[in-house]
Amino acid sequence: MSGLAFARRSRTPATLLLVLPLWAATLCPAADVTSAQVHQAIDRGVRALKRSRQANGSWVDPHHPRDRGGVTCLVTLALLAAGEPPGLPEMQSALELVQRTENEYVYVAALKIMALAQADPQKHRAAIAAAARWLADVQLPNGLWTYDARQGAFDHSNTQFALLGLHAAAQAGVDVPGSVWKRARSTLLGNQNEDGGWSYRTGGQSYGSMTAAGVADLIILGSATAIPQERGFRDGAAPGCGRYQGSGALVKGLEWLGRNFRVDQNPQHGTRWLHYWLYAVERCGILSGRRYLGEHDWYREGAGFLVRTQAADGMWDDSVVNTSFALLFLAKGRRPLLIQKLKWSRDDAWNPDRSDADHLVSFIGDKLGEPTAWQVVEFDAPLEEWLAAPLLYMQGHDFPDWNAPQREKVRRYVELGGTLLAEACCGREAFRKGFERFVAQAFPGAPLRELDPGHPIYSAYYDLPPAGLMGLDVGCRTSVIFSPRDLSCLWEQGDVPELSERAFKLGTNIAAFAVGRQALRERLDVITLPVLEGRASGKPVGDALRLAQVVYDGDWHPDPQALVRFAEYLRQNAALDVITQYRPIRLDDPELYTCPILFMTGHYGFELSQGEIEALAAHLRRGGFLLAEACCGREAFDAAFRALLKRALPDSELKLLPENHVIFRGEPGFRLETVGYKPAALAEKPDLRRPVLWGLEIGGRLAVVYSPYSIGCGLDGHVCYNCRGYLDEDARRLATNIVLYALTH
């Protein structure tokens, strides 16, 4: 039997075993599983575990009658990871049992630490520290662990639990002697098989759960494919940055997992200890920041398998232990991505600090509302994968010499709502100069500037003094953030006096600014890019409506995705046949007549040529319609637009629409007697409750509708801290009413 006292052979029905091998071969591309299905599976699993509780508040598993409290510790950990609040009475009583559990078995003491740390590391600090001391004391002379304090034969299963417990204790602030880590690492490296895997003990055949345990152990022990040599911080740089003592052990272990990965079996071990294997996979994926093991999307495939194999009563394999392992996989593995670190080179130039993102996300914890995760994303990955996290992070000593298509990909990511964070590791001048060249090429006309002390990035979570950050606004959102000073070395080491804490707080603010008030995407959400059909020119197809945006010399395009996303909204909520991609068009274009509804926006003052003014007037007189808005509620655009209408249509007057206007009544559309405004608008006018629109009539027909408060930012859906405009959903509804009015009146 495995050294893990909880592991047992999975009792998968024979009929299912006949089907699984064929299904597993196609699982990677075909594992269609949704976030809703995972949520449902977790909820059912939680209810099943609660029903299985004993009268005394503990849990037992008939297959592990001598577990010494370990089952209760494991189930408590799984319930907490699945989102059960530790303050619930049933969880409080479970935690009391966990805290009273004796430190006499390795896996029990380790699970005890993990459960208490998951609940409240400060409240349970004393119990965590005592269990950690016990684990350090019973470490065998060779650096590994067995079941208890006896000087018996080690095994890699108990060893991984010991290291997981000590890792959780260290993250909770408990001091674990460095000698403990050093002895364990030395023996683990020596026990790795030639094929890159690990067995239960030395010399056996490599198999999945033990190889995953070995990989996770090396990551915990600070391997990260090599040992960092940087120490300290002087004059804005870390001596030894980017230098690592080479070790291919972790790489070989990850390669073994990629070659042998499957979810219906514990690789090279059949169906034995299957759910224990999946629990080990989750730790490898989360700790390494990898979405893929080999070519396998480990979480999507594993979640699909677990959703499909959960029993009707919510259990897996009729076992509270296996159900707990399944819940840990589903709940911890689905943590939403906060940061993706861009692998922009094939060598190690992209990654001089290999644990920086991991340490930053650990520091952030649940400060932004929920625990989050990070991962590495390849430069060649589809753009949809880049958009899985709100923050794309890159660093280095030298900046890559990207070609035009590569620069366009980064620019497109930003236009679609992502935030790019770039950092000159060790403050390297070469990286700074290269980044400035990239900005000038990818975003011409949008200067990189130092963010002023009042920029919301310095108050997004902590109140911080200016730190020399630079930024670039794409439209009305600071979408590119650049730190010419080192942050990553301070995150990597984590303990540089005063400086690391400041860097962690600044990183937290950057993440909070990128996220804003929006919910993070679910791990399994499918991201679909806007369709780009027919963008350049051409008449609408059949009777389909194509929205058009006025192009002029100036800031005509502040919200690149506003009309794309609005078109999708109209299709889904107003049953309109709308072409997804809008048409940019100049007012003096001969095909202006093919654009019945025009949209015009901007931040700044502007002037049109006499020909453009006359073309606009003619278009409106012959039945065209113009929806205009001052992006972010900017006064400069407001003044310029009002002046434009006076020149174009001197015989007509822009007037405030009455509160009972048909547009506000939603005939057709949404009834909008009151709407929500963004904080910047309410800061100036706290009593704003009703929508504010101005209109201009030509011959009794409303031909122009103008909003002095931003609508486009809400249509785009991005985060904009200084926007004087409508809340996103009200902006969409108001714009829908305006378009429906234009089409029906």
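The values are calculated or read from the model by the stated rules, or taken from the named source; none is laboratory data. Since we're looking at a predicted model, the values are computed, not measured. When we count neighbours, we look across all protein chains shown, and the Cβ atoms used for this are built from the backbone with ideal geometry, even at glycine.
Below is a table of values for the structure above.
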{"quantity": "Lone unmet requirement of (1) within 16 Å of Met315 (Cα to Cα); (2) modelled with pLDDT under 95; (3) part of a helix (DSSP H, G or I) for Ala36", "calculated": "(1)"}
{"quantity": "One residue from Ala78, Ala48, Ala115 being touching a residue at least 60 places away in the same chain (Cβ under 8 Å), part of a helix (DSSP H, G or I) and within 28 Å of the chain's Cα centre (by Cα)", "calculated": "Ala78"}
{"quantity": "Flag for Lys678 being surrounded by fewer than 22 Cβ atoms within 10 Å (Cβ to Cβ) and not assigned by TED's automatic domain parsing to the domain that holds Leu451", "calculated": "no"}
{"quantity": "Pair list, Cβ < 7 Å and 6+ apart or interchain, from region 709-730 residues that are over 14 Å from Ala628 (Cβ atoms) to residues that are aromatic (Phe, Trp, Tyr) and outside any helix (DSSP H, G or I)", "calculated": "Gly714/Tyr726; Arg724/Tyr709; Tyr726/Tyr677; Tyr726/Tyr709; Leu727/Tyr677"}
{"quantity": "Region 440-489 - residue that is of a type in the set (D, E, K, R) and surrounded by 21 or more Cβ atoms within 10 Å (Cβ to Cβ) and, of those, farthest from Arg234 (Cα to Cα)", "calculated": "Arg477"}
{"quantity": "Residue list for region 388-414, restricted to those being crowded, with 18+ Cβ neighbours inside 10 Å, touching a residue at least 60 places away in the same chain (Cβ under 8 Å) and either of a type in the set (D, E, K, R) or touching a helix residue (DSSP H, G or I) at 6+ places or on another chain (Cβ under 7 Å) (or both)", "calculated": "Pro390, Leu391, Gln395"}
{"quantity": "Long-range neighbours under 7 Å by Cβ, at least six apart or interchain, first residue touching a residue at least 40 places away in the same chain (Cβ under 8 Å) within region 679-690, second surrounded by 12 or more Cβ atoms within 10 Å (Cβ to Cβ) and hydroxyl-bearing (Ser, Thr, Tyr)", "calculated": "Ala681/Tyr709"}
{"quantity": "Some residue of region 416-434 being free of Cβ contacts under 8 Å to residues at least 12 places away in the same chain and either assigned by TED's automatic domain parsing to the domain that holds Trp386 or crowded, with 16+ Cβ neighbours inside 10 Å (or both)", "calculated": "yes"}
{"quantity": "Hits in region 613-627 - residues which are crowded, with 17+ Cβ neighbours inside 10 Å and outside any helix (DSSP H, G or I)", "calculated": "Gly624, Phe625, Leu626, Leu627"}
{"quantity": "Test: residue in region 516-532 that is modelled with pLDDT of 85 or more and not aromatic (Phe, Trp, Tyr)", "calculated": "no"}
{"quantity": "Selected residue (criterion: modelled with the highest pLDDT) from residues of region 662-709 that are hydroxyl-bearing (Ser, Thr, Tyr) and part of a loop (DSSP other than H, G, I, E, B)", "calculated": "Tyr709"}
{"quantity": "Members of region 172-186 found to be in a helix (DSSP H, G or I) and either surrounded by fewer than 16 Cβ atoms within 10 Å (Cβ to Cβ) or in contact with a Phe, Trp or Tyr (Cβ under 8 Å, 6 or more places away or on another chain) (or both), listed by number", "calculated": "Gly178, Ser179, Lys182, Ser186"}
{"quantity": "Scope region 710-731; condition in a loop (DSSP other than H, G, I, E, B) and among the small types (Gly, Ala, Ser); matching residues", "calculated": "Gly717"}
{"quantity": "Residues within region 407-428 that are among the basic types (Lys, Arg) and assigned to a loop (DSSP other than H, G, I, E, B), tallied", "calculated": "1"}
{"quantity": "So Gln151, is it at pLDDT below 95 and buried (at least 16 other Cβ atoms within 10 Å of the Cβ)", "calculated": "no"}
{"quantity": "All positions within region 655-670 that are without any contact (Cβ under 8 Å) to a residue 24 or more places away in the chain and not polar (S, T, N, Q)", "calculated": "Pro658, Arg665, Glu667"}
{"quantity": "Filter result for Phe641 (out of contact with any Cys (no Cβ under 8 Å at 6 or more places or on another chain) and in a loop (DSSP other than H, G, I, E, B))", "calculated": "no"}
{"quantity": "Cβ pairs under 8 Å, 6+ apart, first in region 189-218 and outside the structural domain of His275 (by TED's automatic domain parsing), second part of a helix (DSSP H, G or I) and crowded, with 21+ Cβ neighbours inside 10 Å", "calculated": "none"}
{"quantity": "From the options Ala326, Ala280, Ala349, Ala331, residue that is in a helix (DSSP H, G or I) and under 20 Å from the mean Cα position of the chain (by Cα)", "calculated": "Ala331"}
{"quantity": "Matching option when the condition is under 29 Å from the mean Cα position of the chain (by Cα) and of a type outside the set (Gly, Ala, Ser), among His167, His124, His156", "calculated": "His167"}
{"quantity": "Of all residues in region 82-108 being in contact (Cβ under 8 Å) with a residue 60 or more places away in the chain and buried (at least 22 other Cβ atoms within 10 Å of the Cβ), the one that is nearest to the chain's Cα centre (by Cα)", "calculated": "Tyr107"}
{"quantity": "Odd one out for Glu673 among (1) surrounded by fewer than 18 Cβ atoms within 10 Å (Cβ to Cβ); (2) farther than 30 Å from His455 by Cα; (3) touching a residue at least 24 places away in the same chain (Cβ under 8 Å); (4) not hydroxyl-bearing (Ser, Thr, Tyr)", "calculated": "(3)"}
{"quantity": "Ala430 vs. criteria small (Gly, Ala, Ser), at pLDDT 90 or above and over 25 Å from the mean Cα position of the chain (by Cα)", "calculated": "yes"}
{"quantity": "Exclusive hit being in contact (Cβ under 8 Å) with a residue 24 or more places away in the chain, of a type in the set (Lys, Arg) and not assigned by TED's automatic domain parsing to the domain that holds Arg477, set Arg571, Arg565", "calculated": "Arg565"}
{"quantity": "Members of region 562-612 found to be in a helix (DSSP H, G or I) and crowded, with 17+ Cβ neighbours inside 10 Å, listed by number", "calculated": "Ala562, Leu563, Val564, Arg565, Phe566, Ala567, Tyr569, Leu570, Leu592, Glu612"}
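Rundown of residues vs (1) touching a strand residue (DSSP E or B) at 6+ places or on another chain (Cβ under 7 Å); (2) crowded, with 19+ Cβ neighbours inside 10 Å; (3) not in a helix (DSSP H, G or I), yes/no style:
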residue: Gly190; (1), (2), (3): no, no, no
residue: Thr202; (1), (2), (3): no, no, yes
residue: Ser209; (1), (2), (3): no, yes, no
residue: Ala216; (1), (2), (3): no, yes, no
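Conditions tested, residue by residue: (1) touching a helix residue (DSSP H, G or I) at 6+ places or on another chain (Cβ under 9 Å); (2) aromatic (Phe, Trp, Tyr).
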| position | (1), (2) |
| --- | --- |
| Lys252 | no, no |
| Glu255 | no, no |
| Phe261 | yes, yes |
| Trp273 | yes, yes |
| Arg290 | yes, no |
| Asp297 | yes, no |
| Gly314 | yes, no |
| Val320 | yes, no |
| Gln340 | yes, no |
